[in-house]
Amino acid sequence: MFNDIGPLELITLVVLAVLVFGPEKLPKVIQDVMRTVRKIREFSESAKQDIRSELGPEFKDFEFEDLNPKTFIRKQLDNDELGLKEIRNGFDLKKEMAEVTDAVHSTDTSPSPSSSGGRIDMTKKPDEPGKDDRPPFDADAT
């Protein structure tokens, strides 16, 4: 319940509660709060039982946690009927990335694009312009 409250914050809350309610009333306030929390939990459980009984025996394995979208999607993806595990296991991301990297970094040794079947080597670097050569002027860019 208090997973995201640190020890310093908890001590601050206790000191604040003692200052607000006083040491005489604090035990009674804690009892009242705990009684209210118990009633809310009981109400929640009775509502869940009513819903389960109204749904009937077809939904006996129904869990309310499955209504969370993340849980629902995770449960559906882990289902073996779709065959997604075989697809996931058959796909090796590292191998695919290595193949793509090799294809990008490979250099074509053929001198002309016509000898490579019409493919243009995108890895070749353009010739460097001379000192006096100006870059092309684009009137729309200025």
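The values are calculated or read from the model by the stated rules, or taken from the named source; none is laboratory data. Only a predicted model underlies this, so the values are computations on that prediction, with no experimental measurement involved. In this analysis, Cβ positions are derived from the backbone assuming ideal geometry, glycine residues included, and neighbour counts consider all displayed protein chains. For the accessible areas, the whole protein counts, side chains as well, though only heavy atoms, and no ligand, DNA or RNA atoms are used. Shrake-Rupley method; radii C 1.70, N 1.55, O 1.52, S 1.80 Å.
The residue pairs whose first member lies in region 95-117 and is modelled with pLDDT under 85, whose second member is in a helix (DSSP H, G or I) and open to solvent by less than 80 Å² (accessible area, probe 1.4 Å), and whose beta carbons are closer than 7 Å, counting only pairs six or more residues apart or on different chains, are D108/S116; S110/S116. Taken as a whole, region 75-82 holds at least one residue that is modelled with pLDDT of 75 or more, touching a helix residue (DSSP H, G or I) at 6+ places or on another chain (Cβ under 7 Å) and open to solvent by 80 Å² or more (accessible area, probe 1.4 Å).
With the condition kept exactly as written, say whether any residue in region 16-24 is at pLDDT below 80 and open to solvent by less than 90 Å² (accessible area, probe 1.4 Å). The answer is no; no qualifying residue exists.
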